[in-house]
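Colleague: Here's a structure for you.
Derivation of every value follows stated rules applied to the coordinates shown; laboratory data play no part. Predicted, not measured: the structure shown is a model, and the values here were computed from it. A quick note on method: Cβ atoms are made from the backbone with ideal geometry, for glycine too, and the neighbour counts reach across all protein chains shown.
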Ligand code: GLC
């Protein structure tokens, strides 16, 4: 019998074939005929299935699915075989729109919601999106295309859009590069990047979501693909924006604006928001690799309290473990963890411990034994275990994409929770492996039943690890909100964790990179982010550390951390003068905690980002498109960190409207650049006119004492301004049963009078009875105040900061202040 020709191999290989093979980067196997990129052709068929329309060119198919009035999903299946629908980023794809129409014209089809129309060109299969005034917002430059991957099977999938001359791009997670991504080519492949450099790419996280802004109109693209993904924002060709993936399906969501804020909020309807963190997690955290033994940690705690520098959490890095075995203790350093944690807790400190995914290969170690017996560790394609060296030496790694493994992992925290650990820091979960960087591509993953190689699972590995941690803690801590941090993540990781930006460096450049990274993470759907304050590696000067603490006050996550080979770095490490300044700023964080907490509520409930770069506040103004220093925390406080050595002032842009200097209460009209004095004991902070900013008295840690009177800084305004204040127990899920208060304040003034209104929703009862309202910026001397129809009796004189202070009942409805 004649031997069968191997399928797919050319019978004769010409010199030209070989030449093409050599040039062909994605098909390096010499001898195979190169596979060309295949572009979608003329549309020959269309059919409808519920809210989806499926178009075909006779070979490939494209599904257009209406998700909501403002979100349309596009999927392409080479040869018309769609993959099973599954996403770690979008847990549930609800259809949120009832009305959409399908129409056919001579040259195109149109799928329209009330807000958006998706056009599909018949001739060349190009897809575009228009608003309901027929303005094209986003269009394919070429039809979507694909290319077979002969080594692994599957396809490289590509989409190329037109890049408009004035278009800007934002998002994509933690990229340590300029805020506006125009002109950059970037990729997503979670990587352990110790001491990363400016512009280095990729880093630790994969967030394949970007926001485009063109002529004042924004839209978003979220490519939900966990393989290595690539984005080119007019780098290769000034007229094109491309995104592509090294496998999987080309599937993306078009997210309509027109405001950047709309895009981010809608992105959160797909991927979820961050749950409310326990309020202590918003305090100051002190970390180092590593604080040990116990006496050192105690000494650290005593120093905070003795020096009256507020702090809520202390961290244990890998040295607390026995030989770096996760879920064990080094009893030499920490002989009685339960007692120690209890003592720290009595002094107001939470203890957070690190956990890595690498489990030491050791048959006498229960975690390894359980994992091995139950086949919970990842395996190579030939069925050998995936082994690699990390801190403990030779390790195996749980397959966190297996729900059974996640469930098991969650139970491993039992003992840590019992001894009183309050939070878990998930590290090295890109996953990082010494030497090789990460797992080889052929490692297999269960992928929640949708199996795949490491090419598909790599970018979600860390997210699934922290998901397992979060879910485990939630069960074990009995309705207390878990606190987790993770280094690696994929879109949607915000449902399970906060993040820090990884191993940065103690340089002024990194201070600036960190500020950009936090803003970028915030608009990329990851609100609870922070940098290692002071820089992880290298030695900061005292001045740099202090400037970093200042940025830290306005970082959603505020933690100082440093590598073990650096000098110790606590707020008092640089002498008494700087200690005083650091204390002043950490105290500011604690004063602002109720505002910060309310901002987290607004994020959780409504999907608002926490940090908002100036371009998001004023996207209509093209001069803002490249600004990257100024941002607001929530919508009321604008800051501009000082990022230069020796600076005593800084130039910044204040957005349009009326503002107050936080320190002097001077009023300033925005919409312009200004020079602001910023000696080392100060930083530029501005509050929007009309804001009502809740404040706590300074505490050494959250809940140090019961607040007896809530303070509100109330800023005068000539126009109506709304503010929110959220309060609840601070650490349970009772808020999901409406056990909270959401207070809305409305402030308005007319130069002769000022009105403050309050409305309250929810079921929580705070202990305090009164408010201390500090009225700032009154343009007149008050002669009379009326509270809920009754004359107010009390002192109406200005204090030394030109404020009038009013004590009113916490349930007041209306305060009127008259000239
Ligand atoms: C990694 C982490 C760092 C940690 C160190 C030791 O480098 O990024 O934060 O301190 O490992 O665990």
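Colleague: Could you work out how far apart the two model spin labels at residue 308 and residue 811 are, taking each label as a point 7 Å from the Cα in the direction of the beta carbon, and quote it in nm?
Modeller: Output for this residue pair reads 3.7 nm.
Colleague: Let me ask you something else. With a 10 Å radius around each residue's Cβ, average the other Cβ atoms per peptide and rank 345-354, 226-235, highest first. Display every interim value, and only then the final one.
Modeller: Values: 345-354: 20.0, 226-235: 22.8.
Going from most to least packed, we get 226-235, 345-354.
Colleague: Report the Rg/Rh value for the chain, based on alpha-carbon coordinates and the Kirkwood definition of Rh.
Modeller: 0.99
Colleague: If you average 1/r across every pair of different Cα atoms in the stretch 38-270 and take the reciprocal, what Kirkwood value do you get, in Å? Don't skip to the answer; put the middle values down first.
Modeller: Details: mean 1/r = 0.0556 Å⁻¹.
Computed over the stretch 38-270, the radius equals 18.0 Å.
Colleague: As a test of the definition: which semi-axes, in Å, follow for the stretch 706-818 when you take the square root of five times each eigenvalue of its alpha carbon gyration tensor? Largest first, please. If you can, show how the numbers build up before the last one.
Modeller: Details: eigenvalues 149, 43, 30 Å².
Calculated on Cα positions only, the semi-axes equal 27, 15, 12 Å.
Colleague: Still on this structure: Add -39500 (n - 2.57) for each DSSP H run of 4 or more in the chain, then divide by its residues: what number comes out at 222 nm, to the nearest 500 deg cm²/dmol? Show your work: numbers first, answer last.
Modeller: Working: 13 runs with 152 residues, N = 819.
Helix contribution divided over all residues of the chain: -5500 deg cm²/dmol.
Colleague: What is the chain's relative contact order, in percent, from Cα pairs under 8 angstrom and six or more apart in sequence? Can you show the working numbers first?
Modeller: On the way: 2005 pairs, mean separation 75.6, N = 819.
Once divided by the residue count of the chain, the mean separation gives 9 percent.
Colleague: Can you put 699, 260 in order, fewest other beta carbons within 10 Å first? Walk me through the intermediate numbers first.
Modeller: Details: 699 18, 260 25.
Ascending number of Cβ neighbours within 10 Å: 699, 260.
Colleague: Would you please put 204-210, 366-372 in order of how densely packed they are, using the mean number of other Cβ atoms within 10 angstrom per residue and starting with the highest? Don't skip to the end; give the middle numbers.
Modeller: On the way: 204-210: 27.9, 366-372: 16.6.
Most protected by this proxy first, the peptides run 204-210, 366-372.
Colleague: Please report 484, 732 as a ranked list, fewest other C-beta atoms within 10 angstrom at the top and most at the bottom.
Modeller: Details: 484 26, 732 17.
The fewest-first ordering by Cβ neighbours comes to 732, 484.
Colleague: Under 8 Å for C-alpha pairs, at least 6 residues apart: give me the relative contact order for the stretch 211-353, rounded to a whole percent.
Modeller: Taking the mean separation of contacting Cα pairs over the length of the stretch 211-353, I get 18 percent.
Colleague: Need the full-extension length gain, residue 387 to residue 729, defined as separation in residues times 0.36 nm minus the C-alpha distance. One decimal, nm.
Modeller: Numbers: separation 342, 0.36 × 342 = 123.12 nm, distance 4.49 nm.
Full extension of this stretch gives 118.6 nm more.
Colleague: Relative contact order, percent, of the stretch 611-662 when contacts are C-alpha pairs under 8 Å separated by at least 6 residues? If you can, show how the numbers build up before the last one.
Modeller: Numbers: 48 pairs, mean separation 15.5, N = 52.
For the stretch 611-662, the relative contact order is 30 percent.
Colleague: Convex hull over the alpha-carbon atoms of the stretch 429-506: what's its volume per residue in Å³? List each step's numbers first, then the result.
Modeller: Details: hull volume 9.4 nm³, N = 78.
Cα convex hull per residue, to the nearest whole number: 121 Å³.
Colleague: Right, another one. Order by neighbour count: 453, 295, 753, fewest other Cβ atoms within 10 Å first, most last. Can you show the working numbers first?
Modeller: Working: 453 22, 295 10, 753 16.
The order, fewest Cβ neighbours first, is 295, 753, 453.
Colleague: Tell me, what is the FRET efficiency for residue 736 and residue 770 to the nearest 0.05, using R0 = 41 angstrom and their Cβ-Cβ distance as r? Don't skip to the end; give the middle numbers.
Modeller: On the way: r = 29 Å, r/R0 = 0.71.
So, using R0 = 41 Å, E works out to roughly 0.90.
Colleague: Also: What does the highest-first list of 504-517, 766-779 look like by mean Cβ count within 10 Å?
Modeller: Numbers: 504-517: 23.0, 766-779: 17.1.
In descending order of packing, they fall as 504-517, 766-779.
Colleague: Here is a follow-up. Where does the Debye-calculated log10 I(q)/I(0) of the stretch 216-292 sit at q = 0.15, 0.17, 0.21 Å⁻¹, using only Cα point scatterers of equal weight, no solvent?
Modeller: Rounded to two decimals, the profile gives -0.78, -0.86, -1.02.
Colleague: What length, rounded to one decimal in nm, is gained on full extension from residue 103 through to residue 115, with 0.36 nm per residue of separation minus their alpha-carbon distance? Could you put the intermediate results ahead of the total?
Modeller: On the way: separation 12, 0.36 × 12 = 4.32 nm, distance 1.54 nm.
This chain segment gains 2.8 nm when fully extended.
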